[in-house]
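Remarks on the structure that follows.
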Amino acid sequence: MKDSSFEYHYRIPVRDYLIPYFQKRRMQDIRQIDIQSYFNKQKSVLALDTLKCHRMVLHRIFASAVQNGIVSKNPCEDIRVISDKKPKEKRTYTEEQCNLVLDYAKTHRFGLDITLMLEYGITRSELLGIQWDDIDFSKCILHICRGIASVRDQETMKMKTTVGETKNRFRDRYIPLTKETTSRLLADYVEKKCDFVVCTHDGRMQNPRNWERRRYKVFMHDMHKHYLENGIDIPELTAHELRHTRATLWVNSGKNLFAVADVLGHSDLKMLRKRYAHSDVDATRKMLGIDSD
């Protein structure tokens with residue numbers, strides 16, 4: 001597991017929530033009703049996905065305790081998790097808005113970053129991890145095989161930038177690029193003397209937070225201002241919402257789900273449809289060739 005994943009999905013829930021709540025209680029004394037009480041109290045504070053993560057962590061902790069003979073059974077079985085907090089709605093660009101953003105990206109100094117994310121659905125971590133050797137310029141193919149993340153050093157407790165493998169084996173993938181995108185990358189390659197495609201001015205890898213502040217938000221602000229001056233209000237989406245936009249546009253336009261999952265690095269078609277597909281009976285009828293007359 002990547003350090004960043006371990007930090008956010010395991011260490012933070014245990015350190016900031018579970019230990020403060022249960023404190024020094026012996027595991028043998030924690031009952032199912034105690035765990036259910038924890039989730040009942042947190043339902044007005046934490047989102048459902050966060051609570052599910054906490055349940056997963058607790059379940060694994062007690063499962064390990066059962067295996068090691070510390071407790072006789074897992075009190076996390078049949079725990080009900082609900083949340084009063086409405087999930088934050090992910091925004092997406094329409095097809096028209098997406099095209100406008102991509103058009104503006106052709107002229108902006110940080111536009112290539114946005115093009116790679118919005119046109120191909122790669123994440124911030126994956127973008128910053130791309131090296132020139134990952135690009136086959138002759139075949140117009142990009143290999144996503146690593147990511148860059150900020151994690152906390154457990155000795156110094158300071159944040160550090162690390163390079164690691166992709167989130168999972170499905171995220172290690174090959175993405176077909178357009179000739180235009182490949183040409184833009186090649187133009188950058190001629191100018192730069194750095195291993196990473198997106199790097200600092202002195203040739204070092206980008207810190208994710210610095211990149212977002214110094215490049216991503218600058219682009220979004222400039223793009224929004226540019227179109228607003230022309231009477232078009234295009235929202236400033238987050239980096240992850242660009243990936244969500246690409247997936248949504250591909251799925252809802254009837255693109256082959258296997259191809260979409262392959263490019264995005266998804267392992268589960270069911271999850272792909274659940275996250276991105278919007279029910280459109282007429283579109284489904286058209287894709288399947290079912291005549292209603």
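The values are calculated or read from the model by the stated rules, or taken from the named source; none is laboratory data. Every value quoted in this text rests on a predicted model; they were computed, and no experiment measured them. Every residue, glycine among them, receives a Cβ derived from its backbone with ideal geometry; neighbour counts consider all protein chains shown. What goes into the accessible areas is simple: the full protein's heavy atoms, side chains included, and nothing from ligands, DNA or RNA. Shrake-Rupley method; radii C 1.70, N 1.55, O 1.52, S 1.80 Å.
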Task: Number of the condition not met by residue 221 [criteria: (1) open to solvent by 60 Å² or more (accessible area, probe 1.4 Å); (2) in contact (Cβ under 8 Å) with a residue 60 or more places away in the chain] - done: (2)
Task: Residue list for segment 77-100, restricted to those being in contact with an Asp or Glu (Cβ under 9 Å, 6 or more places away or on another chain) and touching a residue at least 60 places away in the same chain (Cβ under 8 Å) - done: 90, 91, 92, 93, 98
Open item on the list: Under 7 Å between Cβ atoms, which residue pairs at least 6 apart in sequence (or on different chains) link something in segment 169-189 that is farther than 12 Å from residue 115 by Cβ with a partner that is of a type in the set (Phe, Trp, Tyr) and surrounded by fewer than 19 Cβ atoms within 10 Å (Cβ to Cβ)?
Closed with: 186/137; 189/132
- [ ] Kindly check whether there is at least one residue in segment 213-235 that is at pLDDT 90 or above and in contact with a strand residue (DSSP E or B) (Cβ under 8 Å, 6 or more places away or on another chain).
- [x] no
TODO: Kindly provide the set of residues from segment 42-80 that are of a type in the set (Lys, Arg) and within 20 Å of residue 9 (Cα to Cα), ordered by number.
DONE: 43, 52, 55, 60, 80
Open item on the list: Can you report the number of residues in segment 155-168 which are in contact (Cβ under 8 Å) with a residue 12 or more places away in the chain and out of contact with any strand residue (DSSP E or B) (no Cβ under 8 Å at 6 or more places or on another chain)?
Closed with: 1
TODO: Would you be able to say whether some residue in segment 68-75 is without any contact (Cβ under 8 Å) to a residue 24 or more places away in the chain, of a type in the set (Lys, Arg) and touching a helix residue (DSSP H, G or I) at 6+ places or on another chain (Cβ under 9 Å)?
DONE: yes
Task: Total residues in segment 145-156, condition open to solvent by 40 Å² or more (accessible area, probe 1.4 Å) and either outside any loop (DSSP other than H, G, I, E, B) or touching a Ser or Thr at 6+ places or on another chain (Cβ under 7 Å) (or both) - done: 2
Open item on the list: Tell me the residue from 78, 34, 113 that is loosely packed, with under 11 Cβ neighbours inside 10 Å and not β-branched (Val, Ile, Thr), please.
Closed with: 78
TODO: Show the residue pairs that are 6+ apart or on different chains and have beta-carbon atoms under 8 Å apart, the first residue being within segment 199-212 and free of Cβ contacts under 8 Å to residues at least 60 places away in the same chain and among the charged types (D, E, K, R), the second being assigned to a loop (DSSP other than H, G, I, E, B) and open to solvent by less than 30 Å² (accessible area, probe 1.4 Å).
DONE: 204/194
- [ ] Name every residue in segment 1-31 that is open to solvent by 80 Å² or more (accessible area, probe 1.4 Å) and touching a strand residue (DSSP E or B) at 6+ places or on another chain (Cβ under 6 Å), in order of residue number.
- [x] 3
Open item on the list: So, in segment 244-287, exactly how many residues are exposed (fewer than 14 other Cβ atoms within 10 Å of the Cβ), at pLDDT below 85 and of a type in the set (Gly, Ala, Ser)?
Closed with: 3
